[in-house]
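Asker: Sending over a structure as structure tokens; questions will come in a sec.
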Ligand SMILES: Nc1ncnc2c1ncn2[C@@H]1O[C@H](COP(=O)(O)OP(=O)(O)O)[C@@H](O)[C@H]1O
Ligand SMILES: [Mg+2]
């Protein structure tokens, strides 16, 4: 263990594509229960940074720590098992399955005693499935989505699909939840509801969150701390109010001279 209470930490992370430093020495910390926003103009390196955290993109240099453990070379699925859950910028639910089944797949991975139990011991398998159904049902109830349980996932409008994706991530009982532009595709009313819901998730479940988002209306009310990226580097970091007033941030975002 290193720093007590640090859920996620990036130390001097770099990703190089050919001659492009897409991510260039990024360091940031998300403490237990904290919500950190990662913002910046298009091409700043937010998604690549996000992918380094999930394990989708190998880092060229630097270290990723999850709960104080070095996971830089740990594959994505093992990071999930260690408490890291994510949603996608473009919703990715399993088509041909109901909402409840989508959640059970995630919950089952969390509750299942393992593949061997699954294949050989039917009572064990049944217990794991029951536990998964129980978890999925509880999460749907918590997010007030129980009425969607039997709806085929691919039929959901984007607003509801985003909620279901959040529910699926919560079935994993994450200690760190990564959200990639969760409000994209939502109208202003849906966005406001989603912000309220994330605030409630945070208050009730206490999981740390790293939020990549364009919409300042989402970032400002939710985040304790905001990291601004530009050209692969951290341009500024601080409270939402501090970064909002930062002249360099205003220049990078709005083209207003510093
Ligand atoms: N797989 C890749 N190969 C080469 N260049 C990439 C790759 N992925 C992203 N980039 C480049 O890295 C930079 C950062 O991209 P990205 O992290 O997607 O930015 P954003 O902040 O908009 O999410 C951009 O210049 C992008 O074109
Ligand atoms: Mg992006």
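No lab work stands behind these numbers, since they all come straight from the coordinates. The structure displayed is predicted, hence computed values, not measured ones. Cβ sites come from the backbone with ideal geometry, for glycine too, and all protein chains shown count toward neighbours.
Asker: With the structure loaded, tell me whether residue 200 is more than 16 Å from ligand 1 (Cβ to nearest atom), more than 27 Å from residue 55 (Cβ to Cβ), surrounded by fewer than 16 Cβ atoms within 10 Å (Cβ to Cβ) and free of Cβ contacts under 8 Å to residues at least 40 places away in the same chain or whether it fails that test. Write out each step before concluding.
Answerer: Values: more than 16 Å from ligand 1 (Cβ to nearest atom): yes; more than 27 Å from residue 55 (Cβ to Cβ): yes; surrounded by fewer than 16 Cβ atoms within 10 Å (Cβ to Cβ): yes; free of Cβ contacts under 8 Å to residues at least 40 places away in the same chain: yes.
Yes.
Asker: Something else: Which one of 131, 161, 167 is under 14 Å from the mean Cα position of the chain (by Cα), in a helix (DSSP H, G or I), more than 21 Å from residue 37 (Cβ to Cβ) and away from ligand 2 (no atom under 16 Å from the Cβ)?
Answerer: So the residue among 131, 161, 167 that is under 14 Å from the mean Cα position of the chain (by Cα), in a helix (DSSP H, G or I), more than 21 Å from residue 37 (Cβ to Cβ) and away from ligand 2 (no atom under 16 Å from the Cβ) is 167.
Asker: Which residues, counting only those in segment 203-245, are over 16 Å from the mean Cα position of the chain (by Cα), in a loop (DSSP other than H, G, I, E, B) and surrounded by 21 or more Cβ atoms within 10 Å (Cβ to Cβ)?
Answerer: 232
Asker: Then there is this: I'd like the full set of residues that are in contact with a helix residue (DSSP H, G or I) (Cβ under 8 Å, 6 or more places away or on another chain), more than 16 Å from ligand 2 (Cβ to nearest atom) and over 29 Å from residue 239 (Cβ atoms), limited to segment 30-80.
Answerer: Across segment 30-80, the qualifying residues are 55, 58, 76, 80.
Asker: If I ask for residues that are near ligand 1 (Cβ under 9 Å from one of its atoms) and in a strand (DSSP E or B), which ones from segment 1-38 would you list? Step through it out loud before you land on a result.
Answerer: Let us first name the residues in segment 1-38 that are near ligand 1 (Cβ under 9 Å from one of its atoms), namely 15, 17-18, 20-23, 38.
Hits for segment 1-38 are 15, 17, 20, 21, 22, 23, 38.
Asker: Then there is this: Being under 26 Å from residue 106 (Cα atoms) and away from ligand 2 (no atom under 16 Å from the Cβ), is that true of even one residue in segment 181-190? Steps first, answer last, please.
Answerer: At the first step, the residues of segment 181-190 found to be under 26 Å from residue 106 (Cα atoms) are 181-186, 190.
Imposing the further condition that a residue be away from ligand 2 (no atom under 16 Å from the Cβ) reduces the set to 186, 190.
Yes, segment 181-190 contains a residue that is under 26 Å from residue 106 (Cα atoms) and away from ligand 2 (no atom under 16 Å from the Cβ).
Asker: Here's something else I'd like to know. I'm trying to understand the selection: among the residues of segment 42-59, which are more than 7 Å from ligand 1 (Cβ to nearest atom) and assigned to a loop (DSSP other than H, G, I, E, B)? Give the derivation first.
Answerer: From segment 42-59, those more than 7 Å from ligand 1 (Cβ to nearest atom) are 50-59; that's our starting set.
Answer for segment 42-59, where residues must be more than 7 Å from ligand 1 (Cβ to nearest atom) and assigned to a loop (DSSP other than H, G, I, E, B): 55, 56, 57, 58, 59.
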